[in-house]
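Enquirer: Structure incoming, see below.
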Amino acid sequence: MAGKIEVEQVGSDEFHVRLTEGKTETQHVVTMKTSEYERISGKKVSPTELVRRAFDFLLARERKEEILRKFDLTIIGQYFAEFEEAMKRSLADRK
């Protein structure tokens, strides 16, 4: 996708995500517990950056219209078994 991913943290564990591509847009609500954020990211990036990277991951595999409108971040692993490992691997490259 050559579009835009906007992530806004609106609560301690809730994020609003807007995906824009051309003239179309989708909006999503994502929840993520602090413990899950720490486990997946190792605190190497902010929670909003982790959510943004999760959407990069999803958009490489499906169209924005196919992404659930409301979900917990950990559910991605139920659809794509490699999700958490891919996130950890991409963060391991950060020094």
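Every number here is computed from the coordinates shown, using simple stated rules; none is lab data. This one's a predicted model, so the numbers in the text were calculated from it and none came from an experiment. Here the Cβ positions follow ideal geometry from the backbone for every residue, glycine too, while neighbour counts run over all protein chains shown.
Enquirer: Taking Cα pairs under 8 Å and at least six residues apart, what relative contact order does the chain come out at, in percent?
Expert: 26
Enquirer: Sticking with this one: Based only on Cα atoms, what mean projected area does the convex hull of the stretch 50-94 have, in nm²?
Expert: Averaging across all directions leaves 3.1 nm² for the Cα convex hull.
Enquirer: Treat each spin label as a single point 7 Å out from the Cα along the C-beta direction, and report the Glu62 to Arg39 distance in nm.
Expert: Taking the two extended label points, one gets 2.1 nm.
Enquirer: My understanding is that a pair violates if its Cα-Cα distance is over 31 Å; which of Lys23/Lys88; Lys43/Lys64; Lys23/Lys44 do that in this structure?
Expert: Where the Cα-Cα span goes over 31 Å, the pairs concerned are Lys23/Lys88; Lys23/Lys44.
Enquirer: Based only on Cα atoms, what mean projected area does the convex hull of the chain have, in nm²?
Expert: Computed as one quarter of the Cα hull surface, the answer is 5.8 nm².
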